[in-house]
Amino acid sequence: MLSTIIVKELKNIIVSPKFSATFAVTSLLLLLSVYVGINEYQATTRQYEAATGLVDQRLRETRSWARLSNRVYRVPNPMHVFVAGVNNDIGRTSIIDPTEQVKLTNSTYNDEPIYAAFRFIDFTFIVTIIFSLFAILFTYDAVNGERENGTLQLTFANALPRVHFIAGKFVGLWLGLIVPLLIPIVLSVVLVLAYKIPLAVDHWMSVAAIVLVSLLFCTFFIAFGICISAVTRRSSTSFLFLLVAWIVISFILPRAGVMAAGTLHPVASVAEVEGMREAFAKQIWAKHRDEMQERFRKRADEMQNMTAEERSAYEDEHAWEMMEQEDKARKDILKQIDLLGKKLEEETRNGRRQQEGLALVLSRFSPASAYQLAAMTLAGMNIDVKSAYEDALSAYRASFVTYKEKKEKESGDSGGIRITVDSNTGFKFSMGRESGSLDISEMPRFNASRFSFSGVLASALPDIVLLCAFTFLAFAAAFVAFLRYDVR
Amino acid sequence: MFRLLIEKELREIIGSTKFAVSFGVCSILILLAFYLGAANYLASVAQYNAARAENLRQLEGLTDWLAVRDYRIFLPPRPLTTLVSGIANDVGRTIEINGRGDLVAHDSRYGDEPIYAIFRFLDLDFVFQIVLSLFAIVFAYDSINGEKERGTLRLTFANAVPKAHYILAKLIGSYAALAVPLLIPLALGSLLLVVMGIPLSSNEWMRLGVIIATGIAYVGVFLTLSILLSSLTQRSSTSFLMLLVIWVMSVIIVPRGAVLLAGRAVSVPTIEENNAKKGKLNAQLWREDREAMTKFQPSSSSDPQRMASEFQKLMQEMADKRDARMKQLSDRLNEERTNAQQVQRGLAFGIARVSPAATFALATTALAGTSLDLEYLFRDAALAYQQAYAGFMFKKTGVNLSRGMIIMRTESGDPEKPKSINANELPVFTYSERGVSEVMQAVLPDIGLLLLYNVLFFAGAFVAFLRYDLR
Amino acid sequence: MESGQPVFEAIGLTKKYEDETLALDHVSFSVRAGEIFAMLGGNGAGKTTTINLFLNFIEPTEGEARINGIASHKDPLTAKRNVAFVSENVMLYPNFTALQNLDYFSRLGGKTQYSKENYHAVLRRVGLQEEAHTKRLRGFSKGMRQKCGIAIAILKDAPAILLDEPTSGLDPQAGFEFIELLRSLRDDGKSILMSTHDIFRAKEVADVVGIMNRGKLIMQKHAAELAGHDLEELYMKYIAGHIRDAA
């Protein structure tokens, strides 16, 4: 009995012109999105390689340890093929230097705003917008449409338990809508293989998880559509309701949630925080300058009564010590600025994290948000990418600075240009020691953390569970509503 | 007769549940867009003021204008920006001013606060582009074939009703039934701006008015298209499906596809490539200059004051020369990049304009000052400011500012407490948008295109209905 | 209206579709004022095509359909001023009340002088219960909608009335009342052309009965000629092709 209903549902879907049209459109879009993703990934990789190549070249051409500064680019993530996430919104590169804070700048959209004008198409986008819309299109009249056609009465003139009917309906619709989707999905995977996108095992597992979550999301909309069609009498009503619900779920709730959080929990902007840090830096540098002047005066005082020979002898004797002293003072200040920077950074990050937490809680009332967040997290493309990367870069910066200091000390190169103008010795210009080219083979290199499936899965789990809960609720509601449905 | 037909059309639409629900949803969304836009604007202003204050505060206590570093200018938030975001959240809002050299905008909103990047903002542009167009379809997809399905078409034409009158009334009536109610929440939303104390200049009010008018024209495109398809097909389910596919294509696929296509077809030198070229030249110039510095021989070796000033003069000359050459290269590179970008954009938007949604987005973002033009406008304003800044600094310090070199002068002798500088003396950065007439000129083709789509579909619907099988 | 003048007139009416199907093959008949002509026939016999031709929904391949002497395809607007139409299964406007539907269609028919009372009166005449008059049609049953459709036709007050399966969906009581209504309209001098499957009612009310099959009018007989015959039997025989006469 159950199988009769399932087969009928399947046939009903597959022979309808609606089906061939939507199947063609979704397949096309899905393949297009993956094709675009592959191209984007390849372009990003090329750009990444060129940029890091240029950085390497510059490093090799640096002649002085003091002037050694590095720049790190975000490593392209092959999951970009399926999920763009915030990849194009956050900066691609940061300078690594003792005097500068780590900060990701030059986002793709900032550098190439033309892409920001209409944004990208990716797999998750197609699923969120198109799949859900089409799921509604096939389910809005699942129950009340049969009532309007009179087939519901006809069906229940037979000895058929209601549970069988609604279960058969669900299974039939599910198979009819989900199984065809597997065709373009498999084709996309073939496409990815054909283009030799370097996906590791963990990536593949993540891709599989994203596909499963996408199907789960579609399942939610199928269940939701059936549910609404089982609580309304007329298919035109349920269609209108579902369309409004679709707009609210996929567009309104996510945005409104985030924007409400922004209003409820404002945080300082990056520019403001930077201003604070700079104010502190200025202040401390000014103090340093005063102290330095004081020191120089003291030294000059000591030399006050010396003859020219004595003076130069004294200077030669103390030059190294003086330089050490100045250098130490300078480094101390950099450290202090760093420390304050870290503290400010931490404060804003905490504030921001709270805001983000609130925003995501609010927007997760929508299954579409839960789905998108899950997919982004699984792909390693969610908002945490920025802070995670900046943390990793900060750690790298520390090791880079240590290395640089060590090398500077070893080579005795304090950097900078020293110009001494003295009424006795005249004009002296020194450039520090230039060693031709530097041996940077031991320089620490930045290693982006490896993509780990278990890691992303763990962080995506809450969203996946939430999505399951939404689907289960919709399904249970459909079930209960149908058991009480007036079949007349 | 004609009036009767229009009246019926109006009453039929306005009396329907479909209308009540979608009008309710649209009103809420429009008001929400205005409210969130206003709130967002106020928050942005607070952020902007705080950042500016911090930026000035860090100059406090400085005693030498030469020590001014990290002076930044900020793109001021503008009310229309939050109503039609465009690329405003994608491009940098902060530029560091050094008096010379390249200007780079940093700190985009989405980059700083990626949480907003996940789902983007709910703005007026979005409400029109996605929601209202969809509702226009829902309203009109069965306007002709639905009447046929209900048998009213036969009944109507059993009377002495000319087909031309009927279709004209249908078009005008649907248009009025959709546009007029929309104006209510739009007017209320505009009022909300006033109530919330958002300062809009007359220029901005005018542009907001044109944005709304463009929005109505855009919704009209989908309305007339729906009527056209509904009079080309016999069953309303067919026309609905076709419209849905067209909608998806127009709103989602064509604009993005066009940009990606143009991105592939026209290559634009990347910022990295340009930076590398600039870095290379810079390094080379430095090497040359350093040699020149080591070779420097003062005319007298007894007067430190004179030696110092002579050296400084040399440095200054070299810096000027270096900067001139750097500027030459960077101007050339920037121009090449800008030219390539223009070609790319021309191609991308040319293709994208096939889609009314893209045309609408281009027109409204231009009107709101959030089109791609924003990037150039900000850069140009910053360049102008940089000159003013350099001029000011020259007046204050007597030297042209140079970049990349901090001259720390430590003088022995009695310290004389120098006077602090007054940071407020710095010239103020102003960002002014294009004038109404200039903007109008720029968006006229797009608005014209939208109207053309209206006229085409209107005419198409008219002709199609004259040949429509009434049975 | 002169009673001798034909109001509906089909002269050699032929309709051949583009796909070469012959929907109507040289059909000729006429209906005078104060006369009811009932077209009988199965699905696809050509009844609705005939009606469509009178309303100029399609153009004839050959011949003419005239209303009050005006060929429909030559001057459709004038022709249609003289005809009221009741179609099978009309849904009307579901968002309008019965009164609003009546008002709209009467105005469309050029009758602007009616008051609300007139509408109520007509709706009472067709037997629609009072409380439904101001309700939206959305919840109406098929029979109630049909009554509204008939009311619309009455209100147009045209000399010619075209009815396409008017009794489908009416309950026996309403069907009986409808027959009474038709009689009274005929007595007012209206000329009525109706298509129907309902042999029983056709025999009861029609002055002339025509039987159509495969696009041809294969029988046309006055009520007097039919007296004493079992119309149902006759119909079956004609359809089966046992009897042929020059229609």
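The values are calculated or read from the model by the stated rules, or taken from the named source; none is laboratory data. Just so it is clear, the structure is predicted and the values come from calculations on it, not from any experiment. For neighbour counting, all protein chains shown are included, and Cβ atoms are generated from backbone atoms with ideal geometry for every residue, glycine included. Each accessible area value is taken on the protein alone, full model and side chains, heavy atoms only, with ligands, DNA and RNA left out. Shrake-Rupley method; radii C 1.70, N 1.55, O 1.52, S 1.80 Å.
Overview of results
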{"quantity": "Residues of the stretch A:297-307 classified as surrounded by 12 or more Cβ atoms within 10 Å (Cβ to Cβ) and in a helix (DSSP H, G or I), total", "calculated": "4"}
{"quantity": "Segments classed as helices (runs of 4 or more DSSP H), wholly inside the stretch A:104-143, with at least 3 members that are open to solvent by less than 10 Å² (accessible area, probe 1.4 Å) and among the aliphatic types (A, V, I, L, M)", "calculated": "A:132-139"}
{"quantity": "Entirely in the stretch C:75-176, the helices (runs of 4 or more DSSP H) that have 1 or more residues that are in contact with a Cys (Cβ under 9 Å, 6 or more places away or on another chain) and within 13 Å of chain B (Cβ to nearest Cβ)", "calculated": "C:98-108"}
{"quantity": "Top-ranked residue of the stretch B:46-61 - restricted to ones that are open to solvent by less than 40 Å² (accessible area, probe 1.4 Å) and in a helix (DSSP H, G or I), ranked as farthest from the other protein chains (Cβ to nearest Cβ)", "calculated": "B:TYR48"}
{"quantity": "Qualifying residue in the stretch A:183-198 (condition: at pLDDT 90 or above and touching a Cys at 6+ places or on another chain (Cβ under 9 Å))", "calculated": "no"}
{"quantity": "Flag if B:ALA308 is within 7 Å of chain A (Cβ to nearest Cβ), under 37 Å from the mean Cα position of the chain (by Cα) and more than 30 Å from A:PHE123 (Cα to Cα)", "calculated": "no"}
{"quantity": "Residue within the stretch B:258-276 that is without any contact (Cβ under 8 Å) to a residue 40 or more places away in the chain, more than 9 Å from every other protein chain (Cβ to nearest Cβ) and closer than 30 Å to B:ARG325 by Cα present", "calculated": "no"}
{"quantity": "Selected residue (only one of B:GLY279, B:GLY257 is farther than 19 Å from B:LEU449 by Cβ and either within 22 Å of the chain's Cα centre (by Cα) or open to solvent by 20 Å² or more (accessible area, probe 1.4 Å) (or both))", "calculated": "B:GLY279"}
{"quantity": "Filtered residues of the stretch B:284-297 (kept if open to solvent by less than 40 Å² (accessible area, probe 1.4 Å), at the interface with chain A (Cβ under 7 Å from one of its Cβ atoms) and in a helix (DSSP H, G or I))", "calculated": "B:ARG290, B:MET293"}
{"quantity": "Selection status of B:LEU383, within 19 Å of B:THR94 (Cβ to Cβ) and open to solvent by less than 10 Å² (accessible area, probe 1.4 Å)", "calculated": "no"}
{"quantity": "Residue count for the stretch B:154-207, restricted to those that are open to solvent by 50 Å² or more (accessible area, probe 1.4 Å) and of a type in the set (Ser, Thr, Tyr)", "calculated": "3"}
{"quantity": "Residues located in the stretch C:160-195, provided they are of a type in the set (D, E, K, R) and on the phi < 0 side of the Ramachandran plot", "calculated": "C:ASP164, C:ASP171, C:GLU177, C:GLU180, C:ARG183, C:ARG186, C:ASP187, C:ASP188, C:LYS190"}
{"quantity": "Residues being open to solvent by 20 Å² or more (accessible area, probe 1.4 Å), within 23 Å of A:PRO367 (Cα to Cα) and more than 7 Å from chain B (Cβ to nearest Cβ) - total across the stretch A:253-275", "calculated": "3"}
{"quantity": "Total residues in the stretch B:311-329, condition away from chain A (no Cβ under 14 Å) and small (Gly, Ala, Ser)", "calculated": "1"}
{"quantity": "Filter pass, C:GLN173 being outside the structural domain of C:GLY110 (by TED's automatic domain parsing), within 28 Å of C:HIS120 (Cα to Cα), open to solvent by 10 Å² or more (accessible area, probe 1.4 Å) and not β-branched (Val, Ile, Thr)", "calculated": "yes"}
{"quantity": "The stretch B:451-469 residues that are farther than 30 Å from C:THR49 by Cβ, paired with ones that are open to solvent by less than 50 Å² (accessible area, probe 1.4 Å) and of a type in the set (A, V, I, L, M) (beta carbon under 7 Å, 6 or more apart)", "calculated": "B:LEU451/B:ALA217; B:TYR453/B:VAL221; B:ASN454/B:ALA217; B:ASN454/B:VAL221; B:PHE457/B:VAL221; B:PHE457/B:LEU225; B:PHE457/B:LEU228; B:PHE458/B:LEU171"}
{"quantity": "Residue check, B:ILE115 touching a residue at least 40 places away in the same chain (Cβ under 8 Å), facing chain A (nearest Cβ under 10 Å) and either β-branched (Val, Ile, Thr) or more than 30 Å from B:LYS395 (Cβ to Cβ) (or both)", "calculated": "no"}
{"quantity": "Residue within the stretch B:124-142 that is at the interface with chain A (Cβ under 7 Å from one of its Cβ atoms) and outside any helix (DSSP H, G or I) present", "calculated": "no"}
{"quantity": "Number of the condition not met by B:ALA319 [criteria: (1) assigned to a helix (DSSP H, G or I); (2) under 25 Å from A:SER27 (Cβ atoms); (3) out of contact with any Leu (no Cβ under 7 Å at 6 or more places or on another chain)]", "calculated": "(2)"}
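Each row is one residue, and each column tells you yes or no for (1) more than 10 Å from every other protein chain (Cβ to nearest Cβ); (2) within 15 Å of A:ALA271 (Cβ to Cβ); (3) open to solvent by 30 Å² or more (accessible area, probe 1.4 Å); (4) modelled with pLDDT under 85.
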{"position": "B:TRP65", "(1), (2), (3), (4)": "yes, no, no, yes"}
{"position": "B:VAL68", "(1), (2), (3), (4)": "no, no, no, yes"}
{"position": "B:GLY92", "(1), (2), (3), (4)": "no, yes, no, no"}
{"position": "B:SER108", "(1), (2), (3), (4)": "no, yes, no, no"}
